[in-house]
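To start, the structure under review is shown below, and the notes come after it.
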Amino acid sequence: MSDEKNANLLDRRTFFLGTAGALALGTTACGGGSGGSSFSPMGGAAAQQTPAAVAGVDSPSTPETPTAEPAAPEPAVRKIVHPGLLVTEEDLQRIRDKLAAKAEPWVGGLNMMLKTNNTNLDAKPRPLALVTRGVDGENYWQMVGDMVRALHLALRWKISNDESYAKKAVEFLNAWSSTLTELGGDSNVFLASGLYGNQWANAAELMRTYPGWAKEDVARFQAMLLNVFYPKAHDFLVNHNGTETRKVTHYWANWDLANICTVYAIGVFCDRSDLVAEASNYYKSGRGCGASANNVYYVHPGYLGQWQESHRDQGHSTLGIALAGMLCQMAWNQGEDLFGYWNNRLLAGAEYVAKTNLADANGNALYTMPFAPYNGVHGSGAAAAGTNQLRPNWDLIYSHYVSRKGLSAPWTKAMLDKIRPERVDGGDQPGIGTLLYARDPVPAAPPSGLSAFLNDAKVQLSWWGTAGASQYLVQRAASPNGPFMTIAPVTEPRTYTDDPGQGTWYYRIDAVTDAGEMTGADTLRVAVPGELWLHLPLSGDANDASGRGLNAQLKGGTSWGEGRNGGSAVQLDGRSGHIQLPDGAVSALGDFTAAMWVYWDASAVNVRIFDFGSNDVAYMALLPRDGSGKLRFSGTRNQFWNEESVTTDVLPTGRWVHVAVTRSGTVGTLYVDGAQVATADGIWINPFQLGRTTQTWLGRSQYGGDPYFKGRMQDFRIYSGAQDAAFIADLAR
């Protein structure tokens, strides 16, 4: 089935059970995505055609190995806590207390689980030695049924303390651990490892405190997870079914997220802190679409995070939110805050997906969503696709960010109001979030996470809101100590664009609540129309002369050669020499200007003057000569497939040349020797969208197979704001 046909089917919210058919390696990247009821898994495999090389787009040189990723940080989890996956003992006690008090919505949540009859004590396990998905005769649904039963039985035992449910849960766990030896199928086998491995681990984690589950049986179940599920999940995250090197974004976000969940859950249940770290590190710094930086493709004003699959369909988009939420919940219960990673990036994605799916009684979308163009292996996307997908995945998100943290999540709340109490999901994830995660709210938190930067020459503000706030007051001052004056009241979305005129301005946000005003903790400074952000003279050292202390480092084959007007300039050898800027040196910028003097010794394709990113998936780069023989500035959030570019004639060699690029709004402009030579609209990517880049380089590409710059560099400057033509001309004198 083609991707286009699949998208049309999904727009009609039609999902097929047990789609079969042998599919070629690397041609399927569908993922689960049903949100179906009971425990019959839906949303099977659909083949997607890999397009030919896109005309006019340079495929980068194939690196011998994938581009280096940031060094893995110290493990965030040092001592594993049990039970510590989706629920802890504290959670279970809360559930017991609320049920004993006959409190809603917990009673309603329990009834949603019980109505499935999955805790029937007469049920018998039906274990298989080989579980297949995506091929003729696939049988994974048989395992899914028993997996869901085991989880529900374990929960019912934990809630009721009735040992009969514990014994039945152990019967199911032991039957499968003593029988299952292999997962098989086409590429959909990686969905089986991801979607189901973590749920098996969650069921087992609940039962590990049961004295009636023999130690040897626990060990056998651990062995099943480590020998059957983990190898597939690990292999997928490392190799992506053969697409890792050149097409790592071939597979949609839900594929990665499912397997990250499995690695994390197995790590906890098996007391393998190395696996826990593997999963956590991939979520924070991996290259695939499921990594946090990539599953939220673009953050729109007001922190609406366009999901990586939003242009595909909403079944898979809501599944991605569910899986990311499960991962963050498991990590939270191990003492690691992935919910808050990169300024609550998951909440940004959840709010976007929730708002996309809010519909009227006839299923018609209530909102037109902002959308950044998306181009990738499977083609292009120009708008959010589908609506009204009511997957039971919102209570987990709401309960953490609103009830536990005191933030506002208006679109998540609106979606939750439509579906609470949450039902059992169709097998891709557990569902029943109302029972598991609902909690009494903490006091509201003040506005937080404020960002402020120039966009289209104006100050763009976004912030996280306060639970229960009726409105927000945007305040501005000419001094960090005030006085602050309210310049605008704001409700939703939580964003404001200010045009204050030339000067240096300070911003903060107040929330208006029933209890009075709450002032946000953040006060941010913005200079209009911009200011010097970083300045590397590169005439004897790599220190920053801007006063910000953003000193760079000389790496590899570097030395000092003759400067443009005497003195010295940094010399790069074309083999390993490059300059490393500090991590996140430009991550606070929207509009910007980058300018430099370069002396290019000899022309070579795909060399970089600068390349700011953390890997070869998301970056901004200036190439003196691309594959079409052009000087090119490009930005992307999806490898070379999605580069948004402005180009002009190739940069000259054998002489000093001043080159500059500006970005204002979505307009990019190139300058050579002080003269404007090209401009183009459609440059959506700015430094803010790239986050805290860890490979912020001069003279080196994010793609490991591309050549290094050979020649000299001097007077590298970055400004906040897009400087005008006269300013650039002065720099080039």
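Of all the listed residues (Thr513, Thr519), the sole one being touching an Asp or Glu at 6+ places or on another chain (Cβ under 6 Å) and in the same structural domain as Pro493 (by TED's automatic domain parsing) is Thr519. Residues satisfying the criterion are present in segment 272-295 (criterion: free of Cβ contacts under 8 Å to residues at least 60 places away in the same chain, surrounded by 23 or more Cβ atoms within 10 Å (Cβ to Cβ), assigned by TED's automatic domain parsing to the domain that holds Asn202 and closer than 18 Å to Phe371 by Cα). Going by what's in this entry, would Arg637 be described as of a type in the set (D, E, K, R) and under 31 Å from the mean Cα position of the chain (by Cα)? Taking the combined requirement at face value, the residue satisfies it. Would you mention how many residues in segment 169-185 are of a type outside the set (Gly, Ala, Ser), out of contact with any helix residue (DSSP H, G or I) (no Cβ under 7 Å at 6 or more places or on another chain) and outside any helix (DSSP H, G or I)? Here the count works out to 1. Of all the listed residues (Ala233, Ala166, Ala175, Ala214), the sole one being without any contact (Cβ under 8 Å) to a residue 60 or more places away in the chain, in the same structural domain as Ala324 (by TED's automatic domain parsing) and closer than 20 Å to Leu327 by Cα is Ala233. Just one of (1) without any contact (Cβ under 8 Å) to a residue 24 or more places away in the chain; (2) surrounded by 24 or more Cβ atoms within 10 Å (Cβ to Cβ); (3) of a type outside the set (Phe, Trp, Tyr) fails for Gln306. It is (1). I want to confirm something. Restricting to segment 310-346 and keeping residues that are within 26 Å of Gly379 (Cβ to Cβ) and within 11 Å of the chain's Cα centre (by Cα), which single residue is surrounded by the fewest Cβ atoms within 10 Å (Cβ to Cβ)? It comes out as Arg345. One residue is enough: does segment 657-675 have a residue meeting the conditions of a type in the set (Lys, Arg) and more than 21 Å from Ala457 (Cα to Cα)? The answer is no; no qualifying residue exists. Checking Val276, Val299 one by one, the residue that is more than 16 Å from the chain's Cα centre (by Cα) and modelled with pLDDT of 95 or more is Val276 and no other.
Whenever a residue of segment 366-383 is more than 18 Å from Trp252 (Cα to Cα), its partners that are outside any loop (DSSP other than H, G, I, E, B) and aromatic (Phe, Trp, Tyr), lying with C-beta atoms within less than 8 angstrom and at least six residues away or across chains, give the pairs Met369/Tyr352.
Go through the residues of segment 602-624 one by one and say whether even a single one is among the polar types (S, T, N, Q), under 25 Å from Ala722 (Cβ atoms) and surrounded by fewer than 24 Cβ atoms within 10 Å (Cβ to Cβ). No; the residues of segment 602-624 include none that is among the polar types (S, T, N, Q), under 25 Å from Ala722 (Cβ atoms) and surrounded by fewer than 24 Cβ atoms within 10 Å (Cβ to Cβ). Looking for something assigned by TED's automatic domain parsing to the domain that holds Leu225, of a type in the set (Lys, Arg), farther than 15 Å from Ala201 by Cα and crowded, with 17+ Cβ neighbours inside 10 Å - is there at least one such residue anywhere in segment 130-140? Taking every residue of segment 130-140 in turn, at least one turns out to be assigned by TED's automatic domain parsing to the domain that holds Leu225, of a type in the set (Lys, Arg), farther than 15 Å from Ala201 by Cα and crowded, with 17+ Cβ neighbours inside 10 Å.
I need the full set of residues from segment 681-710 which are crowded, with 24+ Cβ neighbours inside 10 Å, of a type in the set (Gly, Ala, Ser) and either in contact with a Ser or Thr (Cβ under 8 Å, 6 or more places away or on another chain) or farther than 22 Å from Ala293 by Cβ (or both), in order please. Answer for segment 681-710, where residues must be crowded, with 24+ Cβ neighbours inside 10 Å, of a type in the set (Gly, Ala, Ser) and either in contact with a Ser or Thr (Cβ under 8 Å, 6 or more places away or on another chain) or farther than 22 Å from Ala293 by Cβ (or both): just Gly699. When we screen Gly426, Gly386, Gly363 for residues that are farther than 16 Å from Asn295 by Cβ, at pLDDT below 95 and touching a helix residue (DSSP H, G or I) at 6+ places or on another chain (Cβ under 6 Å), the only hit is Gly386.
Among the numbered conditions (1) within 30 Å of Leu155 (Cα to Cα); (2) in the same structural domain as Glu309 (by TED's automatic domain parsing); (3) surrounded by fewer than 19 Cβ atoms within 10 Å (Cβ to Cβ), the only one that Pro443 does not meet is (2). Scanning segment 642-683 for residues that are in a strand (DSSP E or B), closer than 15 Å to Gly721 by Cα and either touching a helix residue (DSSP H, G or I) at 6+ places or on another chain (Cβ under 6 Å) or not β-branched (Val, Ile, Thr) (or both) yields Ala660, Arg663, Ser664, Gly668, Leu670. Here Ala123, Ala68 are screened, and the one residue that is modelled with pLDDT of 95 or more, of a type in the set (A, V, I, L, M, F, W, C) and not in a strand (DSSP E or B) is Ala123. Restricting Arg525, Arg575 to those that are touching a strand residue (DSSP E or B) at 6+ places or on another chain (Cβ under 9 Å), within 27 Å of Ile685 (Cα to Cα) and of a type in the set (Lys, Arg) reduces the list to Arg525.
The residues listed here are Lys355, Lys418, Lys413; of these, the one that is under 30 Å from Gly635 (Cα atoms) and assigned to a helix (DSSP H, G or I) is Lys355.
Here's the yes/no breakdown for (1) closer than 30 Å to Lys102 by Cβ; (2) outside any helix (DSSP H, G or I); (3) hydroxyl-bearing (Ser, Thr, Tyr); (4) touching a strand residue (DSSP E or B) at 6+ places or on another chain (Cβ under 7 Å):
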{"position": "Ala166", "(1), (2), (3), (4)": "yes, no, no, no"}
{"position": "Ser187", "(1), (2), (3), (4)": "no, yes, yes, yes"}
{"position": "Gly194", "(1), (2), (3), (4)": "no, no, no, no"}
{"position": "Leu206", "(1), (2), (3), (4)": "yes, no, no, no"}
{"position": "Val218", "(1), (2), (3), (4)": "no, no, no, no"}
{"position": "Asn227", "(1), (2), (3), (4)": "no, no, no, no"}
{"position": "Pro231", "(1), (2), (3), (4)": "no, no, no, no"}
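Restricted to segment 546-616, the set of strands (runs of 3 or more DSSP E) holding at least 1 residues that are in the same structural domain as Gly665 (by TED's automatic domain parsing) and under 28 Å from the mean Cα position of the chain (by Cα) comprises 578-580, 592-600, 610-613.
Within segment 347-360, the set of residues being surrounded by fewer than 21 Cβ atoms within 10 Å (Cβ to Cβ) and at pLDDT 95 or above comprises just one member, Leu358. Of the residues making up segment 485-503, those that are surrounded by 13 or more Cβ atoms within 10 Å (Cβ to Cβ), part of a strand (DSSP E or B) and of a type outside the set (Ser, Thr, Tyr) are Ile487, Ala488, Pro489, Val490, Asp498.
Within the bounds of segment 426-437, is there any residue that is surrounded by 20 or more Cβ atoms within 10 Å (Cβ to Cβ), touching an Asp or Glu at 6+ places or on another chain (Cβ under 9 Å) and hydroxyl-bearing (Ser, Thr, Tyr)? Yes, because at least one residue in segment 426-437 is surrounded by 20 or more Cβ atoms within 10 Å (Cβ to Cβ), touching an Asp or Glu at 6+ places or on another chain (Cβ under 9 Å) and hydroxyl-bearing (Ser, Thr, Tyr). Within segment 518-532, does at least one residue satisfy the condition of being touching a residue at least 40 places away in the same chain (Cβ under 8 Å) and under 30 Å from Gly561 (Cβ atoms)? Yes: one or more hits.
Residues in segment 285-312 that are at positive phi and touching a helix residue (DSSP H, G or I) at 6+ places or on another chain (Cβ under 6 Å): Tyr303 alone.
Screening the candidates Gly320, Gly305 for the property of being touching a Leu at 6+ places or on another chain (Cβ under 9 Å), under 18 Å from Arg692 (Cα atoms) and not aliphatic (A, V, I, L, M) yields one hit, Gly305.
The values are calculated or read from the model by the stated rules, or taken from the named source; none is laboratory data. Note that the structure is a prediction, hence the values are computed from the model and not measured. Positions of Cβ are generated from backbone atoms using ideal geometry, with glycine treated the same way; all protein chains shown enter the neighbour counts.
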